[in-house]
Amino acid sequence: MEFLELAKKRYACRKYTSQKVEREKLEKILEAGRVAPTAANRQPQRVIVVESQEGMERLSRCTRDFGAPCALIVCADTAEAWRRKYDDFVADEVDATIITDHMMLAAAAQGLDTLWICMFKPEMVKTEFSLPEGVKPVNILLVGYGAEEPLSSERHAQTRKPLNETVIVEHF
C-alpha cells in the first residue's frame, strides 16, 4: 500500500471489538516506534504496553479506553531528551509524538485501528503505572480491531483544510 493511501486509511477509532492484538503485530508496531527518528538520536521514549484486563482497568481510571484491548502509553524520559542550546527547547514531547505516529501508522498497515489520546490525567498515569521520576506520559495509543465501519479514506476532501490554507511558501 502506498504511504499516502495508508495515511488516509487511518482514522480515530472510538469503539473496539474484544479481539486481542496478535503478538507479532504488536511487535511490528513497537519496532516501528523503535526506529522512529528522535532529536539527536537520543531516544528518550519509554513505551508501556498495556494488554491485561487489570492494566486496562487501571488505564480506564486515567482516561477513556473506548473498549480497546491494548494501549501503548508513550512516555518521555526528560533526562534523555535533546535540548536546543539557543532557547533550551526540550524535544521530549516531539520525540514521543513522532514515535506515537510511527506506531499508529504501523498498526493501520496491519489492519488494526487506533485512537491517539492526549486527554488523560498525567499524575494518575504516573501513579497507576509506577512511572519513575523524570519520566512523563505524553500520549496514549489505543490499539485493536474497530467494532464499527471505518471512516472513508475520501473523508479528507471534506474534513481537512486545503493545502493553500496550511502551507506557506518561503515566508508569511
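Of all residues in region 41-55, one or more are open to solvent by less than 50 Å² (accessible area, probe 1.4 Å), part of a helix (DSSP H, G or I), within 21 Å of V125 (Cβ to Cβ) and not aliphatic (A, V, I, L, M). Among the numbered conditions (1) under 28 Å from R160 (Cβ atoms); (2) over 18 Å from the mean Cα position of the chain (by Cα); (3) at pLDDT 95 or above, the only one that M1 does not meet is (3). In region 70-87, the residues that are aromatic (F, W, Y) form Cβ pairs under 8 Å with partners that are in a strand (DSSP E or B), at six or more places apart or across chains, as follows: W82/V90.
Somewhere in region 103-119, is a residue β-branched (V, I, T), in a helix (DSSP H, G or I) and touching a residue at least 24 places away in the same chain (Cβ under 8 Å)?
Taking region 103-119 first, the residues β-branched (V, I, T) are 114, 117.
Cutting the leftovers down to in a helix (DSSP H, G or I) gives us none.
No, region 103-119 contains no residue that is β-branched (V, I, T), in a helix (DSSP H, G or I) and touching a residue at least 24 places away in the same chain (Cβ under 8 Å).
Note on region 126-139: residues that are more than 30 Å from E22 (Cα to Cα) and open to solvent by less than 90 Å² (accessible area, probe 1.4 Å) total 1. How many residues does region 140-155 hold that are surrounded by 13 or more Cβ atoms within 10 Å (Cβ to Cβ) and part of a helix (DSSP H, G or I)? Residues in region 140-155 being surrounded by 13 or more Cβ atoms within 10 Å (Cβ to Cβ) and part of a helix (DSSP H, G or I): 1 in total.
Answer yes if at least one residue in region 92-105 is modelled with pLDDT of 95 or more and farther than 29 Å from S153 by Cα, and no otherwise. Looking through region 92-105, at least one residue is modelled with pLDDT of 95 or more and farther than 29 Å from S153 by Cα. Answer yes or no as to whether P137 is of a type outside the set (D, E, K, R) and assigned to a strand (DSSP E or B). It is true that P137 is of a type outside the set (D, E, K, R) and assigned to a strand (DSSP E or B).
The values are calculated or read from the model by the stated rules, or taken from the named source; none is laboratory data. Treat the numbers as computed from the prediction; the structure is a model and nothing was measured. No Cβ is skipped: glycine too gets one built from the backbone with ideal geometry, and neighbour counts run over all protein chains shown. The area values use the complete protein model at the heavy-atom level, side chains included, leaving out ligands, DNA and RNA. Shrake-Rupley method; radii C 1.70, N 1.55, O 1.52, S 1.80 Å.
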